[in-house]
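Notes follow once the structure below has been shown.
The values are calculated or read from the model by the stated rules, or taken from the named source; none is laboratory data. Not measured: the values here are computed from a predicted model. Here the Cβ is made from the backbone with ideal geometry for all residues, glycine too, and neighbour counts use every protein chain on show. In case anyone asks, the SASA skips ligands and DNA or RNA and just uses the protein heavy atoms, side chains included. Shrake-Rupley method; radii C 1.70, N 1.55, O 1.52, S 1.80 Å.
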Amino acid sequence: GAVVSQHPSRVICKSGTSVKIECRSLDFQATTMFWYRQFPKQSLMLMATSNEGSKATYEQGVEKDKFLINHASLTLSTLTVTSAHPEDSSFYICSSGGGSSYNEQFFGPGTRLTVL
Amino acid sequence: DAKTTQPTSMDCAEGRAANLPCNHSTISGNEYVYWYRQIHSQGPQYIIHGLKNNETNEMASLIITEDRKSSTLILPHATLRDTAVYYCIVSTRGSTLGRLYFGRGTQLTVWP
């Protein structure tokens with residue numbers, strides 16, 4: 001299947017700072033990417049749908065001004081957690097779809113964010 | 001919102017078949033049944049999907065009831081590496097429409 005990478009894999013930051021997480025599709029062009037977060041012992045929660053060249057679509061209850069998404073190319077989407085607080089500490093996972101395969105989404109390995 | 005219900009946990013002996021059930025009684029005609037699994041602290045991995053016919057690939061088999069209100073994922077010969085949380089999801093096909101809403105899934109533990 002397709003390969004999706006995320007960077008960084010782990011990040012620790014101070015409260016009030018912003019953190020950028022990158023999601024790359026390595027071997028195909030992803031017109032659509034999805035961002036999820038997962039709190040400990042809970043399931044994945046869809047945050048937003050990232051569309052190349054257009055604004056992201058956010059799920060209900062997700063603050064678009066706090067979680068900035070940019071999908072400037074067919075291989076890269078970024079999620080910026082602005083003014084991070086300890087409650088934003090979570091496992092952030094991206095997935096991609098599009099290109100020649102519309103059958104399934106391919107997930108990245110995830111980014112563990114810890115806000116002190 | 002997740003539209004599926006799954007048992008919280010299941011056990012299986014190594015080498016035996018693992019049969020994971022899923023109920024999706026409100027599935028729409030254009031929705032597919034997808035199965036993903038997540039090994040601890042990793043991103044989910046696609047397993048299989050189907051619409052109404054049974055499907056088989058190198059990883060698993062998917063049996064969908066005729067009324068499409070439930071399905072079963074079958075891992076024919078479970079190994080220790082199959083220990084993971086298995087998610088059954090219904091979604092429209094295609095990445096632009098196919099938002100995936102994960103439920104709690106089933107924690108499958110394969111024991112030696």
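Brief remarks on what is shown
- Options B:Y101, B:Y34, B:Y87; residue that is in contact with a Gly (Cβ under 7 Å, 6 or more places away or on another chain), touching a residue at least 12 places away in the same chain (Cβ under 8 Å), at the interface with chain A (Cβ under 10 Å from one of its Cβ atoms) and crowded, with 17+ Cβ neighbours inside 10 Å: B:Y87
- Boolean, A:R112 is open to solvent by 50 Å² or more (accessible area, probe 1.4 Å), at pLDDT 95 or above and closer than 23 Å to B:H40 by Cα: yes
- Unique match (being over 17 Å from B:Q45 (Cβ atoms), more than 10 Å from chain B (Cβ to nearest Cβ) and surrounded by 14 or more Cβ atoms within 10 Å (Cβ to Cβ)) among A:S90, A:S73, A:S18: A:S90
- Test: residue in segment B:10-28 that is without any contact (Cβ under 8 Å) to a residue 60 or more places away in the chain and open to solvent by less than 10 Å² (accessible area, probe 1.4 Å): no
- Test result for B:I39, of a type in the set (V, I, T) and surrounded by 18 or more Cβ atoms within 10 Å (Cβ to Cβ): no
- Members of segment A:33-67 found to be open to solvent by 80 Å² or more (accessible area, probe 1.4 Å) and farther than 22 Å from B:P44 by Cα, listed by number: A:K55, A:Q60, A:E63, A:K64, A:D65
- Yes/no for B:Y32 being within 26 Å of A:V3 (Cα to Cα), in contact with a Pro (Cβ under 7 Å, 6 or more places away or on another chain) and of a type outside the set (S, T, N, Q): no
- Where strands (runs of 3 or more DSSP E) fall wholly inside segment A:1-101, the ranges with 2 or more residues that are among the polar types (S, T, N, Q) and farther than 19 Å from B:T92 by Cβ are A:4-7, A:67-73, A:76-81.
- Positions within segment B:45-64 being in a strand (DSSP E or B), open to solvent by less than 80 Å² (accessible area, probe 1.4 Å) and not aliphatic (A, V, I, L, M), in sequence order: B:Q45, B:Y46, B:H49, B:G50, B:E55, B:S61
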